[in-house]
Amino acid sequence: MKTVKFFYQRNCPFCRKAMRCIDEARAAHPELAAVTVEPIEETDEPEVADRFDYYYVPTFFVGDVKVHEGGILPDEVERVLRMALE
């Protein structure tokens, strides 16, 4: 199983939606609760954020591979979490 890196900004409404979607996906699909999601607030951890290639938040990496960038829907969050299970 791979870790999901979740880059966000605390004031971003799309990021807050993504956080809710993570919680909802885990509640609806218990197998997804095992996926480790590493939240990285990019303004608090710029040295970490600078090591990854992205422009928009929220952004998800599974391992070191970018799998989603920008606004996200609930089914896309579930897809990202399932990718980490593979």
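The values are calculated or read from the model by the stated rules, or taken from the named source; none is laboratory data. As the structure is a computational prediction, the values presented were derived from the model and not from experiment. All Cβ positions, glycine included, derive from the backbone under ideal geometry; neighbour counts span all protein chains shown.
Tabulated data
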| item | result |
| --- | --- |
| Residue among 80, 48 that is in a helix (DSSP H, G or I), at pLDDT 95 or above and in contact with a strand residue (DSSP E or B) (Cβ under 6 Å, 6 or more places away or on another chain) | 80 |
| Verdict on residue 57 being of a type in the set (Val, Ile, Thr), in a loop (DSSP other than H, G, I, E, B) and either on the phi > 0 side of the Ramachandran plot or at pLDDT 95 or above (or both) | yes |
| Out of 51, 26, sole residue that is of a type outside the set (A, V, I, L, M) and either touching a Leu at 6+ places or on another chain (Cβ under 6 Å) or at positive phi (or both) | 26 |
| Evaluation of residue 10 against (1) in contact (Cβ under 8 Å) with a residue 24 or more places away in the chain; (2) assigned to a strand (DSSP E or B) (one fails), failing number | (2) |
| Condition met for residue 26 (in contact with a helix residue (DSSP H, G or I) (Cβ under 9 Å, 6 or more places away or on another chain) and in a helix (DSSP H, G or I)) | yes |
| Pick from the range 50-64, criterion in contact with a Lys or Arg (Cβ under 9 Å, 6 or more places away or on another chain) and among the hydrophobic types (A, V, I, L, M, F, W, C), ranking: surrounded by the most Cβ atoms within 10 Å (Cβ to Cβ) | 60 |
| Qualifying residue in the range 22-33 (condition: touching a Ser or Thr at 6+ places or on another chain (Cβ under 9 Å) and in contact (Cβ under 8 Å) with a residue 40 or more places away in the chain) | no |
| Condition met for residue 33 (under 13 Å from residue 74 (Cβ atoms) and either touching a His at 6+ places or on another chain (Cβ under 6 Å) or loosely packed, with under 14 Cβ neighbours inside 10 Å (or both)) | no |
